[in-house]
1. What are the residues whose amide H is under 5 Å from the amide H of ALA317, where those residues sit 5 or more places off or on another chain and H is modelled from the backbone?
2. May I ask for the equivalent-ellipsoid semi-axes of segment 233-366, computed as the square root of five times each C-alpha gyration tensor eigenvalue and listed largest first in whole Å?
3. Using label points projected 7 Å from each Cα along Cα→Cβ, tell me how many nm separate GLU296 and ASP100, to one decimal.
4. Can you list which of the trypsin sites (Lys or Arg not before Pro) found in segment 77-168 are DSSP loop residues with at most 15 other C-beta atoms within 10 Å?
5. Given a Förster radius of 35 Å and the C-beta distance between ARG157 and ASP209 as r, what FRET efficiency does 1/(1 + (r/R0)^6) yield to the nearest 0.05?
6. Roughly speaking, what is the centre-to-centre gap between segment 110-127 and segment 312-363 when only Cα atoms are used, to the nearest Å?
7. With charges only on Cβ, +1 for K and R and -1 for D and E, what is the dipole size of segment 179-241 about its Cα centre, in debye, rounded to 20?
8. Which log10 I(q)/I(0) values, to two decimals, does segment 300-384 give at q = 0.17, 0.21, 0.25 Å⁻¹ under the Debye formula with one point per Cα?
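A short reminder: the numbers here are calculations on the coordinates, not readings from a lab. This is a predicted model, so every value here is computed, not measured. Here the Cβ positions follow ideal geometry from the backbone for every residue, glycine too, while neighbour counts run over all protein chains shown.
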Amino acid sequence: MSAGLVGAALALTLAAPARAGETPTAATDGRPASASDRHPVTTPDRQYAPDRQLTPDGRPALGWRLTPTGTDARFRGLAAVDRRTAWAAGSRGTVLRTTDGGRSWRNVSPPGAGELEFRDVEAFDARRAVALAIGEGEASRVLRTEDGGATWTESFRNADPRAFYDCMTFFDRRNGLAMSDPVDGKYRILSTRDGGRSWRVLPDRGMPDALPGEAGFAASGQCLVSAGPRDVWLATGGAAAARVLHSADRGLTWTATASPIPAGDPARGVFGLAFRDRAHGIAVGGDYRKDQPSPEAAAVTADAGRTWRPSAAPPPAYRSGVAWLPHARTSALAVGPTGTDLTTDGGRTWRTVDTGSYDTVGCTPDGSCWASGEQGRVARLELR
């Protein structure tokens, strides 16, 4: 089956409620005001066809299927490599890896990492991955493996108590960035040119001043994302405006643009970004508190983030993760603690298709999509 057909089929057929036996679960970590807590599918092998969009009993043909991870860790870090390979990183220093499409997961957690909170993982293949632990001061660390998690090497440990790292992104197998909340009034950017083996802090001369109270949210590993060889975007919240910062030179110089996603409170802002190319992007977020509404929880751009417009029909609640469906130029998924939403018009309108709890989502070039979240939840998108 061609990857292009996979993407088209996903865009056409995804409209599924939670599977039988999947009880929606609410978020359990309500994000108190401390700095640490604030930061908060595999496609089948048979051919898709229009007459297979519904099951015989009339249910939609695609949906999330939970995979057996054997843990109750919360996985806010997810690296979807291909239809067989994925990594998940989360609470209590937990890192899992599958190489059989989620039928089984291997615990490849770094030794002695039980006190770390992994919130992002970037994987290049089944053997090489880089994981980011968040927190104030030395709690923020980067670890790297080259043997599928059998051994890990710590390649960065934050020595500045003012810094708090949130997210990572890689442009390719060698060049990547990590971002910290503002230090001395500006976001701090780490850079690697050797696949995460070493890191250096970039000069901040090209970084705009942060707004009072502004920070990133370590909720899904998607507050720093890239597209192509040089473009990168940074999502913010907590201040008077929820902004998106853009760099076209791998983090040396940045411009900042206010998004229409509501802010004005430490719990509100842009939580996740996804760009399908250097121009077209989606931002999702809202208010992560369960008892607060999240109007205008999504926005779109068609000019690399110079301007943003609100979705005409946004997701109905806070969403922390977003991903473009593979080879579908106008279709994407957004996930959060109360459900999954689908857009088929580039982010202008969304409809809820699943009520399970997920924090982040990722799709792969060969046509698979994965999601992960609380209580050890990792799921694949597949034909029923």
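1. none
2. They are 21, 19, 12 Å, listed largest first.
3. 4.9 nm
4. ARG103, ARG127, ARG162
5. It comes to 0.80.
6. Between the Cα centres of segment 110-127 and segment 312-363 lies a distance of 25 Å.
7. Using Cβ point charges on Lys, Arg, Asp and Glu, segment 179-241 gives about 300 debye.
8. At q = 0.17, 0.21, 0.25 Å⁻¹ the computed log10 ratios are -0.68, -1.01, -1.31.
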